[in-house]
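Written out below as structure tokens is the structure these notes cover.
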Amino acid sequence: MGRNKDLLSNVQVVSLVASAIIGVTISTLPRTVVEDAGLNGVIGLVVGGVISMLLTVLIAMLAGKFPDAVILEYGRNLLGPIFSKVMITLWLVYFTALTGVVHRIFADAIKAFLLENTPIEIIILSMLVVTAYLAQNGINPIARICEAFFPVIIGSIFIVLLLSLQNFNIKEFYSLGQINVTDILKIIPITVISYLGFELLLFVSAFTIEPQKIMRNGLIGVGISLVTYTAAVVLSVGVFSVDSLKYQIYPMLELAKTIAFPGAFAERFDVFFAIFWILAVFTTVVIFYYLGAISLTKLVGLKNYRPFTYLFVPVIYVISLLPQEVAQVNQFTTWVSYLGGSLVAVIPVLLLAVAFTRKKGGSKSEDT
Amino acid sequence: MKIRRKKAYLVTMVTVLILFTGCWDRVEIENRGFVLGIGLDKAESEGKIAMTYQFALPSAMFGAGGNGGGDGEKVWNVTSTSPSVIRAEKQILTRMNRVPDLQHTQVLIIGEALAEEGLYEYIDFFLREINIRRRMDVLIAEGKAEDLFDIAPLTANSTADYLSEIIMLNEKDVHRISSEVDLLKMSKNLRRGTDFIVAKVAPGKKDIEMTGAGVFRKDQLIGYLDPEEVRKTKWLIDDISQGTIVVEDIGGIQGHIVFEISEGKTRVTPQIHDESVDFDAVIRVEGDVAELEDLDFPDTTSEEFITAVERKIEQEIKKECEEIMKKAQEEFEAEFFNFGALVKNYDRRWFEKHEAEWRKIFKKSRLSVKVNVDIRRVGLVD
């Protein structure tokens, strides 16, 4: 894959990264963060964001070493054929499982908030068909869609947050200073996985117009997510208080519900928010769907990924329906997230290490 | 190739047509029964609740017949008895040809007897149910909530509208109406396990009076505050509404002076010690002299007169705060001034450690009040 036709602009890379991060999690994040750690979770969220930025730097360094290839190609150079296949398989498992579980969480939330009587099979399938349709055309249309949707998504989130200020109580944060280090350390892995999505840089670095700016763009993308996440959590805590937030399954949608306009028009503001949240989920799943498809293509050693985008529809449909109830969905989400978290933490470091040792003349790449 | 494409196209179109024919969850608006108010009561039979839905009858509300609709009934109240809220709702369905729609519900009125038993087990439905607005007002009925819905005030289309409008329009202007409590605030209090007050409604002949408040310890109604006590409470919970304070005989003036509050702000800071908490309240009030009984009083704009009135009102407010605090500590043993939440916000660790004996600690708390009154205007005559 050389550098041909249209490449991704800087803005597109930023919106790709941020769109991949901000997705289904934003609706549940505030609860996840404060559930066990209380206010310490807010600190943990910021720390998690910073850690994600560090990982982004690592990824960008790796991408900088191979400006003309993506991880699926140079992985073979660094790890050898067998280990690179293992790595690609792991990525593939992660991307497919993630796409499946995101579809499921999305469908559950939509069923709870908007379409009570629609079977989730139909909700999942209609989302999946649209996703497959966009993903078959490759990264460029996806990037353009992200570029177009991203301002709308961020805008709607911040409208909800701004309007929630009417119920905001700053006193909820008075004991923020009571830091409990163990709580923060415990929550950091959970917050870091909520930032997952920046790993897409590993897969798109070669298609960008200015590969040398990948680090800058990635950091901006993660930074936007960090600000959005922190604002969402802070507002939710200020409105609901930690004690009541613990019980909300979809705090962001609930937050939109608490907004009251004078004169009582626009009474169901959560519906407005849910519509834009669907766009946010869509931009996330389509990216991971595409990444899954190209991983599979590389794994079987083919060039054209299009057939695989169609092949994925039934696979992801089945995966998304595997968990039977809400507890299993949560369990499944945790597994997938930890798999993704470990992949993102280990693989760039590993590859970088191999790249460095090789350059310094050592040829001990096989022992890793 | 072309034919195959056409076939694929056809299959897609048919699938789409079958799957996406309009909205799956569509309920036509004329098939919806809009619930305006919900009443919850303890039923006659043991362990059951009686839930009342007040349905709007839009054709009577907005139909022909000039101002405010026709002569017929504008609402229909349906009550059903059942062990749980959701079953009561399902039972209403057996007598209703509409789909109950809770999206426009304005008020939830809880009957006295049920509130005394505790709310935890009944409020859950309203938090779980997606359609209920979180800003729905919660009220306590003196007697039965069911009976209140039978009263149809002339100025409103329904009892529910009437009550929510009293809260929305008049709460800020009368400091005898207890502060608005909506489902959001209520759920926060219940989750936190702190005490709170909820405005009480009492039936009149043709109207409903919103007067006084019910005091909740955790989730149980334990008593009532009269309107004067509500006023006193509002000093401490930082919800100072417009209202009047009457003081007597100052600065050589005969009879009473009425002071009208225009705005005010309270700031309560807890002083948390090892095993006790004290509270410092700083209250700032601004207002006008609204009425003098002594029409011939020469000089209301003089420095001495104004200062004297200010000091007197300050004392009065201070006295009121101390009275209500004493009542809360001794009679109710409940901290309905949001003090529990305040302490929890200031020092979460301390509160979590002392949560069990928190009400005992509150009983021994001292409250020191500093009041600062500014009289800005004296009206139009000197």
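Can A:VAL313 be described as open to solvent by 20 Å² or more (accessible area, probe 1.4 Å) and under 25 Å from A:ALA135 (Cα atoms)?
yes
Can you find a residue that is buried (at least 17 other Cβ atoms within 10 Å of the Cβ), among the aliphatic types (A, V, I, L, M) and within 30 Å of A:LEU8 (Cβ to Cβ) anywhere in segment A:177-185?
Scanning segment A:177-185 turns up no residue that is buried (at least 17 other Cβ atoms within 10 Å of the Cβ), among the aliphatic types (A, V, I, L, M) and within 30 Å of A:LEU8 (Cβ to Cβ).
Of all residues being in contact (Cβ under 8 Å) with a residue 24 or more places away in the chain and open to solvent by 60 Å² or more (accessible area, probe 1.4 Å) in segment A:298-310, which is farthest from A:TYR250 (Cα to Cα)? Just the residue, please.
A:ARG306
Within segment B:335-348, identify whether any single residue is more than 14 Å from every other protein chain (Cβ to nearest Cβ), in contact (Cβ under 8 Å) with a residue 12 or more places away in the chain and open to solvent by less than 40 Å² (accessible area, probe 1.4 Å), and answer yes or no.
yes
So, restricting to helices (runs of 4 or more DSSP H) that lie completely within segment A:35-141, which ones have at least 2 residues that are open to solvent by 60 Å² or more (accessible area, probe 1.4 Å), within 13 Å of chain B (Cβ to nearest Cβ) and not hydrophobic (A, V, I, L, M, F, W, C)?
A:120-135
What are the residues in segment B:111-148 that are open to solvent by 10 Å² or more (accessible area, probe 1.4 Å), more than 14 Å from every other protein chain (Cβ to nearest Cβ) and part of a loop (DSSP other than H, G, I, E, B), if any?
Residues satisfying the conditions are B:GLU142, B:GLY143, B:LYS144.
Scan B:LYS326, B:LYS360, B:LYS364 and give me the residue that is closer than 17 Å to B:LEU225 by Cβ and either open to solvent by 70 Å² or more (accessible area, probe 1.4 Å) or aliphatic (A, V, I, L, M) (or both).
Testing whether each residue is closer than 17 Å to B:LEU225 by Cβ and either open to solvent by 70 Å² or more (accessible area, probe 1.4 Å) or aliphatic (A, V, I, L, M) (or both) leaves just B:LYS326.
For residues that are over 15 Å from A:ILE26 (Cα atoms) and part of a loop (DSSP other than H, G, I, E, B), scanning just segment A:247-258, find the one that is farthest from the other protein chains (Cβ to nearest Cβ).
That would be A:TYR247.
Under 6 Å between Cβ atoms, which residue pairs at least 6 apart in sequence (or on different chains) link something in segment B:209-223 that is at positive phi with a partner that is open to solvent by 20 Å² or more (accessible area, probe 1.4 Å)?
B:GLY212/B:LYS200; B:GLY212/B:TYR224; B:GLY212/B:ASP226; B:GLY212/B:PRO227
Mind telling me which of the residues A:PHE168, A:PHE203, A:PHE207, A:PHE158 ends up being away from chain B (no Cβ under 14 Å) and open to solvent by 50 Å² or more (accessible area, probe 1.4 Å)?
A:PHE158
Taking B:VAL258 as the residue in question, decide whether it is in contact with a Ser or Thr (Cβ under 6 Å, 6 or more places away or on another chain) and without any contact (Cβ under 8 Å) to a residue 40 or more places away in the chain.
When the stated conditions are applied, B:VAL258 passes them.
Could you grab me the full set of residues in segment B:31-57 that are out of contact with any helix residue (DSSP H, G or I) (no Cβ under 7 Å at 6 or more places or on another chain) and either at pLDDT below 80 or open to solvent by less than 60 Å² (accessible area, probe 1.4 Å) (or both)?
The answer is B:GLY33, B:ILE38, B:ALA43, B:SER45, B:GLY47, B:PHE55, B:ALA56, B:LEU57.
If you check A:GLY38, A:GLY75, which single one turns out to be modelled with pLDDT under 95 and on the phi > 0 side of the Ramachandran plot?
The match here is A:GLY38.
Please determine, by comparing only the residues of segment B:249-267 that are of a type in the set (Val, Ile, Thr) and touching an Asp or Glu at 6+ places or on another chain (Cβ under 7 Å), which one is surrounded by the fewest Cβ atoms within 10 Å (Cβ to Cβ).
Restricting to residues being of a type in the set (Val, Ile, Thr) and touching an Asp or Glu at 6+ places or on another chain (Cβ under 7 Å), the top hit is B:VAL258.
I'm trying to understand the selection: among the residues of segment B:255-284, which are over 22 Å from B:LYS326 (Cα atoms) and outside any loop (DSSP other than H, G, I, E, B)?
Selection gives B:HIS256, B:ILE257, B:VAL258, B:PHE259, B:GLU260, B:ILE261, B:SER262, B:GLU263, B:GLY264.
Quick one: is B:GLY72 at pLDDT below 85, assigned by TED's automatic domain parsing to the domain that holds B:TYR162 and either open to solvent by 10 Å² or more (accessible area, probe 1.4 Å) or on the phi < 0 side of the Ramachandran plot (or both)?
yes
Please work out which one of (1) open to solvent by 40 Å² or more (accessible area, probe 1.4 Å); (2) part of a strand (DSSP E or B); (3) outside the structural domain of B:ASN372 (by TED's automatic domain parsing) is the condition B:VAL246 fails and give its number.
All conditions are met except number (3).
Of the residues in segment A:288-306, how many are under 23 Å from A:VAL17 (Cβ atoms) and among the aliphatic types (A, V, I, L, M)?
Residues that pass the stated criteria total 4.
Any residue in segment B:230-243 that is open to solvent by less than 10 Å² (accessible area, probe 1.4 Å) and within 14 Å of another protein chain (Cβ to nearest Cβ)?
Scanning segment B:230-243 turns up no residue that is open to solvent by less than 10 Å² (accessible area, probe 1.4 Å) and within 14 Å of another protein chain (Cβ to nearest Cβ).
Run down B:GLU310, B:GLU303 and say which single residue is without any contact (Cβ under 8 Å) to a residue 12 or more places away in the chain, on the phi < 0 side of the Ramachandran plot and more than 26 Å from the chain's Cα centre (by Cα).
Of B:GLU310, B:GLU303, the one residue that is without any contact (Cβ under 8 Å) to a residue 12 or more places away in the chain, on the phi < 0 side of the Ramachandran plot and more than 26 Å from the chain's Cα centre (by Cα) is B:GLU303.
Output the residue which, of all residues in segment B:175-220 that are in a strand (DSSP E or B) and within 14 Å of chain A (Cβ to nearest Cβ), is nearest to the chain's Cα centre (by Cα).
B:ASP182
Being aliphatic (A, V, I, L, M) and more than 28 Å from A:ARG268 (Cβ to Cβ) narrows it down to one of A:ILE142, A:ILE153, so name that one.
A:ILE142 is the lone residue from the list that is aliphatic (A, V, I, L, M) and more than 28 Å from A:ARG268 (Cβ to Cβ).
A quick yes/no check of all residues on (1) open to solvent by less than 40 Å² (accessible area, probe 1.4 Å); (2) within 20 Å of A:LEU90 (Cα to Cα); (3) within 14 Å of chain B (Cβ to nearest Cβ):
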| site | (1), (2), (3) |
| --- | --- |
| A:PHE276 | no, no, no |
| A:PHE288 | yes, yes, no |
| A:LEU296 | yes, yes, no |
| A:LEU322 | no, yes, no |
| A:ASN330 | no, no, no |
| A:VAL346 | no, yes, no |
| A:LEU351 | yes, yes, no |
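Can you go through A:ILE259, A:ILE224, A:ILE220, A:ILE278 and tell me which one is over 30 Å from B:GLY193 (Cα atoms) and either in contact with a Phe, Trp or Tyr (Cβ under 8 Å, 6 or more places away or on another chain) or not aliphatic (A, V, I, L, M) (or both)?
Selected residue: A:ILE278, the only one of A:ILE259, A:ILE224, A:ILE220, A:ILE278 that is over 30 Å from B:GLY193 (Cα atoms) and either in contact with a Phe, Trp or Tyr (Cβ under 8 Å, 6 or more places away or on another chain) or not aliphatic (A, V, I, L, M) (or both).
Open to solvent by less than 50 Å² (accessible area, probe 1.4 Å), modelled with pLDDT of 85 or more and among the polar types (S, T, N, Q): does that describe B:THR300?
Here the answer is no, as B:THR300 does not meet what is asked.
How many of the residues making up segment A:11-27 are at pLDDT 90 or above and open to solvent by 10 Å² or more (accessible area, probe 1.4 Å)?
Total satisfying the criteria: 3.
Can you say whether A:SER236 is more than 14 Å from every other protein chain (Cβ to nearest Cβ) and under 21 Å from the mean Cα position of the chain (by Cα), as far as the supplied structure shows?
No: the conditions fail for A:SER236.
The values are calculated or read from the model by the stated rules, or taken from the named source; none is laboratory data. Remember, it's a predicted structure, so these values are computed and weren't measured experimentally. Here Cβ is always computed from backbone atoms with ideal geometry, including for glycine, and neighbour counts include all displayed protein chains. Ligands, DNA and RNA are stripped out before the accessible areas are found, and what is left, the full protein with its side chains, is counted by its heavy atoms. Shrake-Rupley method; radii C 1.70, N 1.55, O 1.52, S 1.80 Å.
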